[in-house]
Amino acid sequence: MTESFKVSDAFQTFGTEGFDSYFRSYGKLNKGFQEIADEWTDYSNKAFRKSTKALEKMAGAKSVEDLLEVQTKYAQKAYEAYIAEITKLGEMYTKLMQTAFTPNAR
């Protein structure tokens, strides 16, 4: 094999490996973003259901004190759930970036 064929083969191999690596990373990103979107959807549905229940309890309150107690408990739980969800999503994003942008092994 001549020197030019060897260089051509090496260049072609390099290009193919780079192309394959790009698509593996793209696939990892796509899967990770889908998981994050699913997590957001689940959280949103849960938050909506909880807020609806809290609103129903507030509507049935017999006094202003009862209403404020229900609202305060709901706000505290909603805040805690939000912080927990944001923490979880942050960890998901971190993991996604670490896996998607690390060198791909065959």
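Below, the figures for the structure above:
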quantity: Residue count, the range 67-106 (criterion: more than 14 Å from the chain's Cα centre (by Cα), of a type in the set (S, T, N, Q) and either within 15 Å of F33 (Cβ to Cβ) or at pLDDT 95 or above (or both)); calculated: 3
quantity: Leading residue by the ranking (surrounded by the fewest Cβ atoms within 10 Å (Cβ to Cβ)) among those in the range 13-27 that are at pLDDT 70 or above and among the small types (G, A, S); calculated: G27
quantity: Test: residue in the range 48-60 that is under 25 Å from the mean Cα position of the chain (by Cα) and either surrounded by 13 or more Cβ atoms within 10 Å (Cβ to Cβ) or assigned to a loop (DSSP other than H, G, I, E, B) (or both); calculated: yes
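The values are calculated or read from the model by the stated rules, or taken from the named source; none is laboratory data. Owing to the predicted nature of the structure, the values given are computational and were not obtained by experimental measurement. No Cβ is skipped: glycine too gets one built from the backbone with ideal geometry, and neighbour counts run over all protein chains shown.
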